[in-house]
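Read through the structure below, which is laid out as structure tokens, and then see the notes.
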Amino acid sequence: MVTNPGFCPFGAAEWEALKRRHDYRCAYCGIHPEGLLEKDHVVPLTKGGRHAIGNILPVCGACNRSKSDAFLAAWRMRKQVRRSDAATGAGRGGSAVVVLRGD
Ligand SMILES: [Zn+2]
């Protein structure tokens with residue numbers, strides 16, 4: 001049934017579950033956005049990332065616009081985001097590895 005192995009469509013339910021897993025906060029800065037959470041491609045589509053639930057994080061509009069199509073690690077370095085979970089370094093070297101809120 002899968003004709004394009006690189007393409008994994010996801011539905012509204014999966015998106016909802018992902019947001020719930022992040023407590024409806026921005027996955028990057030942790031705020032509860034006033035508006036809707038937006039879908040950020042962790043590995044940007046322009047850099048070979050997939051439009052798949054495993055490559056999507058719920059983020060606020062400010063982070064989404066700030067990150068744009070940068071790689072997450074590069075963007076974080078640029079922003080010098082100093083969050084405890086960002087300090088673990090678990091995402092280093094892996095382009096698709098995301099440091100999720102582990103608590
Ligand atoms: Zn944010």
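The values are calculated or read from the model by the stated rules, or taken from the named source; none is laboratory data. The shown structure was predicted, so the numbers you read here are calculated from the model rather than taken from an experiment. Please note: Cβ atoms are built from the backbone with ideal geometry, for glycine as well, and neighbour counts cover all protein chains shown.
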Yes or no: region 39-46 includes at least one residue that is assigned to a helix (DSSP H, G or I), away from the ligand (no atom under 12 Å from the Cβ) and either at pLDDT 95 or above or within 18 Å of ALA74 (Cα to Cα) (or both). yes
Quick check on my filter: what residues within region 47-89 are of a type in the set (S, T, N, Q), at pLDDT 90 or above and part of a loop (DSSP other than H, G, I, E, B)? SER68
Candidate set: region 47-75, residues that are touching a Lys or Arg at 6+ places or on another chain (Cβ under 8 Å) and free of Cβ contacts under 8 Å to residues at least 24 places away in the same chain; chosen: the one farthest from the ligand (Cβ to nearest atom): ALA73
Taking region 18-38 on its own, how many of its residues are near the ligand (Cβ under 9 Å from one of its atoms) and hydroxyl-bearing (Ser, Thr, Tyr)? 1
